[in-house]
Amino acid sequence: MKTLFKNATIYDGSGSSPFLGDLLISEDKILKVSKNLNEKVDEEIDCTGKKLAPGFIDAHSHNDYFCFREDSKKCLQSFILQGITTQVVGNCGYSVIGVDENSPYKEYLNKSLFNSKWYGSLEDAIKKYSGKLFLNIIPLVGHGSVRTSVVGWKSKKLTKDELNQMLALLERDLKAGAFGGSLGLMYEPGMFADTAELTEFAKIIKKYNGILTIHPRACSDVSQGFPLTKKHHLELGLDEFASILKNSGVRGEYSHLIFTGSKSWNRVDSMINKFKELQKEGLDIGYDMYSYTFGASAITIFLFPDFLAIPEEKRMHGFPYLKARFLMSISMKMVLGMTYDDIVVAYIGKGYEKYEGKKLSEIAKEEKLNNVQTYFKLVNLSKGMGRVYIDKYYNKEILEKLMKDENSIFMTDAWFEETGIQQASAYSCFPNFFKLGKEFGIKEETLIHKMTGKTADRFRIKNRGYLKEGYKADLVLFDDIKIVNQTGEIEGINKIYINGKKVAENGKLKDVQSGEFILNK
């Protein structure tokens with residue numbers, strides 16, 4: 001089937017100025033992009049007054065945990081309706097692939113941020129789920145998943161045999177087409193890995209010309225991931241990543257460059273400059289960002305690393321508890337520049353819905369406990385699996401600097417919440433980039449470049465991200481994209497195509513599973 005889009009304002013994904021023209025697609029590919037095309041077609045769409053762009057690419061998502069579910073349409077529709085046609089998945093050290101299906105430790109994987117009924121190899125995922133995807137996915141192998149598959153959440157240095165088992169799982173899925181791997185060094189079990197182990201992980205990815213992404217050990221000026229030094233911890237986290245890249249030769253993507261707490265906000269310029277310095281040194285490195293000042297994380301994010309390795313029955317007594325309480329009290333106000341008003345509970349567990357959507361300080365008043373006691377109570381009630389939304393990751397000034405920086409690309413870092421309050425990014429992160437772009441005076445072609453062609457270039461995604469002849473027909477037809485209410489309802493996106501098939505129109509998602517596994521082959 002041939003479809004001709006006539007008289008569209010075309011944003012080709014390159015960052016160049018838009019132009020008035022026509023675009024012809026056949027089946028899943030773009031045949032021609034030009035002015036005044038006159039072709040015999042099955043369908044002609046008048047795009048007068050409308051804009052046509054490549055499908056948006058979400059550079060950092062966790063939807064591998066949701067795209068394989070029977071109810072995946074429900075889980076993914078809010079992303080697709082933003083214009084997102086492709087997502088990079090398996091981030092922050094967690095992926096549903098990279099796992100030995102016979103591992104005795106698979107249960108630990110559902111104690112992380114997400115839950116899945118299926119874990120296994122990329123090859124098995126392709127066999128099982130090809131033709132059943134609502135959008136395109138670019139798979140990464142999570143270091144935390146392969147480590148868990150071998151040793152669970154043990155706080156230990158891996159033996160040579162254990163390391164080789166872990167690397168074999170990684171290589172298995174890289175051979176099958178995974179685009180690379182991810183590190184999650186604030187979370188179990190990634191926090192237990194030393195730089196030497198992570199470098200060996202990276203070397204295998206380099207062997208297959210992949211990319212390595214990282215959730216670093218620190219996203220704030222001072223953290224519990226590093227000892228106190230003269231150098232701020234944000235830079236220490238980037239230094240560790242740079243060391244891994246230098247010693248392995250792999251390409252790198254620093255996930256969600258954030259500055260948690262106002263005490264970190266004076267580090268923005270130095271971090272932006274640090275990326276440029278590393279590039280001058282020859283490293284292939286960049287970063288991604290989202291459009292809101294808050295983000296989602298595990299409730300355990302404020303705990304010192306060894307706390308989670310202590311048996312639960314011993315955590316709330318003696319020195320471990322006193323140490324954790326002291327560090328919490330000091331870090332919130334004096335180190336981070338954050339209050340308990342900045343922490344909103346997203347999820348604790350079944351039977352604890354009364355806490356969802358409330359600030360931690362509000363819960364403390366209701367429970368007649370102090371803020372620290374309340375925090376530890378929620379950690380224990382959730383068995384360490386609770387989720388929170390944390391504000392003061394950015395302010396407007398920081399968002400503007402990062403969006404204008406040449407090294408940033410855009411992402412959501414979001415997922416569907418089964419219960420509790422949903423993330424704003426899951427519904428309106430990319431539309432919010434358009435809103436902020438108007439406020440900051442950023443050209444629309446620049447915004448679109450950062451969510452299409454620039455992201456495709458960063459990850460070396462073939463035949464996506466641009467409106468070019470021979471490229472895949474992932475398209476977004478839109479006019480003035482707006483967020484119309486607090487629930488994230490969007491106006492202005494008229495039609496969305498994935499691999500040449502119309503999957504959404506005027507805010508309605510069709511029952512069309514035209515997504516693909518995009519493989520590094």
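Report the charge-dipole magnitude of the chain in Debye, nearest 20, computed about the Cα centre from +1 at each Lys and Arg Cβ and -1 at each Asp and Glu Cβ.
Once rounded to the nearest 20, the dipole reads 560 debye.
Between Thr419 and His317, what length in nm is gained on full extension when 0.36 nm per residue of separation is reduced by their alpha carbon distance?
Extending this stretch completely gives an extra 33.6 nm.
For region 323-383 and region 25-95, what is the separation of their C-alpha centers, rounded to whole Å?
Region 323-383 and region 25-95 have Cα centres separated by 39 Å.
Hey, what's the Kirkwood Rh for region 432-521 if you take every pair of different alpha carbons, in angstrom?
Taking the inverse mean of 1/r over all distinct Cα pairs, region 432-521 comes out at 14.7 Å.
If you take the charge dipole of the chain about its Cα centre, with +1 on Lys and Arg Cβ and -1 on Asp and Glu Cβ, which of Leu81, Gly225, Ile461 is farthest toward its positive end?
Gly225
How much length is gained if the chain between Ser270 and Lys175 is pulled fully straight, taking 0.36 nm per residue apart and subtracting their Cα-Cα distance, in nm to one decimal?
That pair, Ser270 and Lys175, stretches by 30.4 nm at full extension.
So for each of 444-452, 365-373 I average, over its residues, the number of other beta carbons within 10 Å; can you give me the resulting order with the highest mean first?
444-452, 365-373
Lys/Arg Cβ at +1, Asp/Glu Cβ at -1, dipole of the chain taken about the Cα centre: which of Gly349, Asn247, Ala125 is farthest positive-ward?
So the residue we want is Asn247.
Of the chymotrypsin sites (Phe, Trp or Tyr not before Pro) in region 186-286, which ones lie in a loop per DSSP and count no more than 10 other C-beta atoms within 10 Å?
In loop regions of region 186-286 (DSSP not H, G, I, E or B), there are no sparsely surrounded chymotrypsin sites (Phe, Trp or Tyr not before Pro).
Regarding the chain, what is the average projected area of its C-alpha convex hull, in nm²?
Mean orientational projected area (the chain, Cα hull): 23.1 nm².
Along the positive direction of the dipole of region 130-234 (beta-carbon charges: Lys, Arg +1; Asp, Glu -1; about the Cα centre), which of Gly144, Pro189, Leu167 reaches farthest?
Selected residue: Leu167.
Could you run the Karplus curve 6.51 cos²θ - 1.76 cosθ + 1.60 with θ = phi - 60° over region 132-137 and give me ³J(HN,Hα) per residue in whole Hz, x for Gly and Pro?
10, 9, 7, 8, 7, 10
Where does the charge balance sit around Gln87 when Lys and Arg score +1, Asp and Glu -1, over other residues with C-beta under 10 Å from its C-beta?
Surrounding charge for Gln87 is -2.
Let's test the formula: R0 of 30 Å, r as the Cβ-Cβ distance of Lys368 and Ala309. What FRET efficiency results, to the nearest 0.05?
Using R0 = 30 Å, I get an efficiency of 0.45.
In terms of the ratio Rg/(2.2 N^0.38 Å) built on C-alpha atoms, what value belongs to region 340-392?
Relative to the rule-of-thumb radius for its length, region 340-392 sits at 0.99.
If you count only protein heavy atoms with a 1.4 Å probe, what accessible area per residue comes out for the chain, rounded to a whole Å²?
Using a 1.4 Å probe on heavy atoms only, each residue of the chain averages 39 Å².
If each of Thr229 and Asp511 carries a label point 7 Å out from its Cα toward its Cβ, how far apart are those two points in nm?
5.7
If you roll a 1.4 Å probe over the chain with all protein chains in place, what percent of the accessible area is carbon or sulfur?
49
At 1.4 Å probe size, with no ligands or nucleic acids counted, give the accessible surface of Arg325 in Å², nearest ten.
Around 80 Å² of this residue is reachable by solvent.
Can you compute the charge dipole magnitude of region 44-140 about its Cα centre, using +1 on each Lys and Arg Cβ and -1 on each Asp and Glu Cβ, nothing else charged? Give it in debye, rounded to the nearest 20.
220
What residues have an amide H closer than 5 Å to that of Gln87, excluding those fewer than 5 places away on the same chain, when H is modeled at 1.01 Å from N in the peptide plane?
Here Asp58, Asn136, Ile137, Ile138 satisfy the definition.
Rounded to the nearest 0.05, what FRET efficiency is calculated for Lys443 and Asp42 with R0 set to 51 Å and r the Cβ-Cβ distance?
For R0 = 51 Å, the calculated efficiency reads 0.90.
Between Asp100 and residues 5 or more places away or on another chain, which pairs have amide H atoms under 5 Å apart, with H built 1.01 Å from N, and which residues are they?
Excluding prolines and chain starts, which carry no amide H, there are no hits.
What net charge is computed for the residues neighbouring Glu162, neighbours being all others with C-beta under 11 Å from the C-beta of Glu162, Lys and Arg scored +1, Asp and Glu -1?
+3
Pull out a ≥ b ≥ c, the square roots of the eigenvalues of the alpha-carbon gyration tensor of region 1-92, then state rounded if a/c is under 1.5, prolate if not and a/b is larger than b/c, and oblate in the remaining case.
Judged from the Cα gyration tensor, region 1-92 comes out prolate (a/c at least 1.5, a/b above b/c).
Report the Stokes-Einstein translational diffusion coefficient (µm² s⁻¹, integer) for region 216-313, Rh taken as the Kirkwood radius over Cα pairs, at 10 °C with viscosity 1.306 mPa s.
108
For Glu277 and Ser17, what is the calculated FRET efficiency with R₀ set at 45 Å and r taken between the beta-carbons, to the nearest 0.05?
0.90
Under unit Cβ charges (Lys, Arg +1; Asp, Glu -1), what dipole magnitude, rounded to 20 debye, does region 1-73 have relative to its Cα centre?
320
What's the ranking of 98-105, 127-134 by average number of surrounding C-beta atoms within 10 Å, highest first?
Top of the packing list down: 98-105, 127-134.
The values are calculated or read from the model by the stated rules, or taken from the named source; none is laboratory data. Being a predicted model, the structure only gives us computed values, none of them experimental. Cβ atoms come from the backbone with ideal geometry, glycine included; neighbour counts cover every protein chain shown. For accessibility, only protein heavy atoms count, side chains too; no ligands or nucleic acids. Shrake-Rupley method; radii C 1.70, N 1.55, O 1.52, S 1.80 Å.
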